[in-house]
Amino acid sequence: MARGSKDGKDRGRGAGCLPNREAFERMNFLLQSAQFYASLPTTTTTPAAVATGATAKGKEPDQPLALDNDRSDSSSSGAPPQAPATMLPLARFYAKEMRLVSRKSVLRMSPHVKRSICKVCLTPLVPGISSMTRVKGQKRSRRVITTCNYCQAQTRLFVNDDHVLFVDRPEHGTIS
């Protein structure tokens, strides 16, 4: 009885113990990272804009953003290097990794997490930034329509005030 307690029961199993804790922690980190990178502002900068201090969204009307192709420090391909317009590819990568971790360790993601990621392109759906959310319908048949701004995929969820997800019920007993 070196592993168990005096009464022969395993101390590792209880209300505070979560199997596959490391996998859940990794999935939580990947979700937070994906949502962070998806919520970063989308501004495009060019080398000429960096030199003048202007961006594509906030440029001065008298200073057009033009690429200076005659610079001596440009790369050998002829095109000047550009900063990425957004961090959505990295956010998609983290969301894809989170889904792979859950599949490899045979863990179920929460419905709240699944609804926050596009099922087609795996972009984290941040309202107003990477997705558009609308409420349509009358009082009895209202639905929330979320549209991904990247792939234009739509998800429709019916709104029922009496409905509570299984994981949100108090008798479910998940660790919150």
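Note on segment 96-164: Cα Rg divided by 2.2 N^0.38 Å, N the number of residues, gives 1.25. Taking all protein chains as shown and a probe of 1.4 angstrom, L165 keeps an accessible surface of around 30 Å².
For E25, E171, E97, the ranking by accessible surface with the largest value first comes to E171, E25, E97, using a 1.4 Å probe. Protection proxy ranking, highest mean first, for peptides 118-124, 139-145: 118-124, 139-145, where packing is the per-residue count of other beta-carbon atoms within 10 Å, averaged.
The values are calculated or read from the model by the stated rules, or taken from the named source; none is laboratory data. Predicted model only: the values in this text are computed from it and were never measured. Using ideal geometry, Cβ is built from the backbone for each residue, glycine included, and neighbour counts are taken over all protein chains shown. All accessible areas refer to the heavy atoms of the entire protein, side chains included, with ligands and DNA or RNA removed. Shrake-Rupley method; radii C 1.70, N 1.55, O 1.52, S 1.80 Å.
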